[in-house]
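Asks: Pasting in a structure now, in structure tokens, and then I'll have a few things to ask.
The values are calculated or read from the model by the stated rules, or taken from the named source; none is laboratory data. Only a predicted model underlies this, so the values are computations on that prediction, with no experimental measurement involved. All Cβ positions, glycine included, derive from the backbone under ideal geometry; neighbour counts span all protein chains shown. Just so you know, the surface numbers come from the protein's heavy atoms only, side chains and all, with ligands and any DNA or RNA stripped out. Shrake-Rupley method; radii C 1.70, N 1.55, O 1.52, S 1.80 Å.
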Amino acid sequence: MNRILIVEDEETIADLEKDYLELSGFEVEVANDGEAGLKKALEKDYSLFILDLMLPGVDGFEICRKIRDQKNTPIIMVSAKKDDIDKIRGLGLGADDYMTKPFSPSELVARVKAHLARYDRLTGSAVSQNKVIEIRGLKIDTTARRVWINGEEKTFTTKEFDLLTFLAGHPNHVYTKEELFREIWDMESIGDIATVTVHIKKIREKVEMDTSNPQYIETIWGVGYRFKM
Ligand code: CA
């Protein structure tokens, strides 16, 4: 959830901005004077700031400068005067955008979304993390297709990796050899369920300390295999 702080002394404007942003799914807080706004901005984490320029107490210039000393969070500055906007640009306070009042609330929402998306790209928070399965000493990075046992990397063939990942991804679920063969080999290859047995044996040689007493992939006699959680 993206949380936005609006610092705006004109309550009708603040309410309008808040309503539109909330309708777009944002969480919004409002401060109606400069001091309260500055305090919130520095103490709490927000995804974006909307700062009015002329405020009682501490003005928008000062708040912008103080936020920039500490944070890279996007800042949109708003002012009733076009001249002020030119002035702030000239000061290079580090605001990301400027809007002249009156503006349409949908224009504000569009700009907020654009700045949040840009900031996510810059900070890498939009980059998805590799999906990792970790069960006791076994670690599988399913995105990078790498496997470690107690910190030591092991090499697996494609099918061994797919089979291990499938089982580890469904712990405590018992699968028959037929099910595993269909799941991993599909229709693409000739072979039979003995292929599954051979691959399980190969996987165990790599992951188990003692293959006669498997800690990860358990044989359920007469049924198939299960990955122990
Ligand atoms: Ca104002």
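Asks: What's the local net charge at Tyr175, with K and R +1, D and E -1, over the other residues with C-beta under 12 Å away? If you can, show how the numbers build up before the last one.
Replies: Numbers: positive: Lys177, Arg182, Arg226; negative: Glu178, Glu179, Glu183, Glu218.
That sum, taken over residues with Cβ under 12 Å, equals -1.
Asks: For region 1-85, what does the alpha-carbon gyration tensor say about shape, rounded, prolate or oblate, given a ≥ b ≥ c as the root eigenvalues, a/c under 1.5 as rounded, and a/b over b/c as prolate? All intermediate terms of the calculation are to be shown ahead of the outcome.
Replies: Values: a/c = 1.56, a/b = 1.11, b/c = 1.40.
Oblate.
Asks: With each pseudo-label sitting 7 Å past Cα toward Cβ, what's the Thr176-Thr211 distance in nm, one decimal?
Replies: So the two model labels end up 2.7 nm from each other.
Asks: Let me ask something else about it. Scan the chain and report its longest stretch carrying no GluC sites (Glu not before Pro) that are both in a DSSP loop and have at most 16 other Cβ atoms within 10 Å.
Replies: 11-187
Asks: Which percent of the accessible heavy-atom area of region 71-116 goes to carbon and sulfur, probe 1.4 angstrom?
Replies: Values: 1090 of 2160 Å².
Here carbon and sulfur together make up 51 percent of the probe-accessible area.
Asks: In addition: Loop-only chymotrypsin sites (Phe, Trp or Tyr not before Pro) in region 43-112, please: DSSP not H, G, I, E or B, and at most 15 other Cβ atoms within 10 Å. Don't skip to the end; give the middle numbers.
Replies: Numbers: sites: Tyr46, Phe49, Phe61, Tyr98, Phe103; in loops: Tyr46, Phe103.
Sites meeting the loop and neighbour criteria: Phe103.
Asks: Another question, then. With charges set only on the Cβ (+1 for Lys and Arg, -1 for Asp and Glu), what does the dipole of region 161-229 come to about its Cα centre, in debye to the nearest 20? Let's see the in-between values first.
Replies: Details: 8 positive and 11 negative charges, 47 e Å.
With Lys and Arg at +1 and Asp and Glu at -1, about 220 debye.
Asks: Roughly speaking, what % of Cα-Cα pairs in the chain are separated by over 31 Å, rounded to a whole number?
Replies: Above the 31 Å cut-off, the chain has 49 percent of its Cα pairs.
Asks: Can you flag which of Lys40/Lys82; Lys44/Lys139; Lys44/Lys66 are past 24 Å Cα-Cα?
Replies: Cα-Cα > 24 Å for Lys40/Lys82; Lys44/Lys139; rest within.
Asks: With only Lys, Arg, Asp and Glu charged, each at its Cβ (+1 for the first two, -1 for the last two), find how big the charge dipole of region 1-89 is about the Cα centre; round to the nearest 20 debye.
Replies: Dipole of region 1-89, to the nearest 20 debye: 540 debye.
Asks: Note the full-extension length gain between Arg89 and Glu27 as 0.36 nm times their separation in residues minus their Cα-Cα distance, in nm to one decimal.
Replies: 19.5 nm
Asks: Region 160-229: which chymotrypsin sites (Phe, Trp or Tyr not before Pro) are DSSP loop and have at most 12 other beta-carbon atoms within 10 angstrom?
Replies: Numbers: sites: Phe161, Phe166, Tyr175, Phe181, Trp185, Tyr216, Trp221, Tyr225, Phe227; in loops: Tyr216, Trp221.
For chymotrypsin sites (Phe, Trp or Tyr not before Pro) across region 160-229 that sit outside H, G, I, E and B with at most 12 neighbouring Cβ atoms in 10 Å, the list reads Trp221.
Asks: Among Gly60, Gln70, Ala110, which residue has its Cα furthest toward the positive end of the charge dipole of the chain, with +1 on Lys/Arg Cβ and -1 on Asp/Glu Cβ?
Replies: Value: Gln70.
Asks: Would you mind computing, in nm to one decimal, how far apart the modelled labels at Asn150 and Met1 are, each placed 7 Å from Cα along Cα→Cβ?
Replies: Roughly 4.5 nm, to one decimal.
Asks: Quick check for you: with a 1.4 Å probe and neighbouring chains kept, what is the accessible area per residue of the chain, in Å²?
Replies: 55 Å²
Asks: Also, I was wondering about something else. What do you get for the angle between helix 82-91 and the principal long axis of the chain? Use alpha-carbon atoms, 0 to 90 degrees, nearest ten.
Replies: 60 degrees
Asks: Please list, by residue number, every one of the trypsin sites (Lys or Arg not before Pro) in region 1-104 that is coil in DSSP and has at most 15 other beta-carbon atoms within 10 Å. All intermediate terms of the calculation are to be shown ahead of the outcome.
Replies: Numbers: sites: Arg3, Lys18, Lys39, Lys40, Lys44, Arg65, Lys66, Arg68, Lys71, Lys81, Lys82, Lys87, Arg89; in loops: Lys44, Lys71, Lys81.
Counting only loop positions with at most 15 other Cβ atoms within 10 Å, the trypsin sites (Lys or Arg not before Pro) in region 1-104 are Lys44, Lys71, Lys81.
Asks: Same structure, new question: If you restrict to DSSP beta bridges whose two residues both lie in the chain, what percentage is antiparallel, to the nearest 5?
Replies: 50 percent
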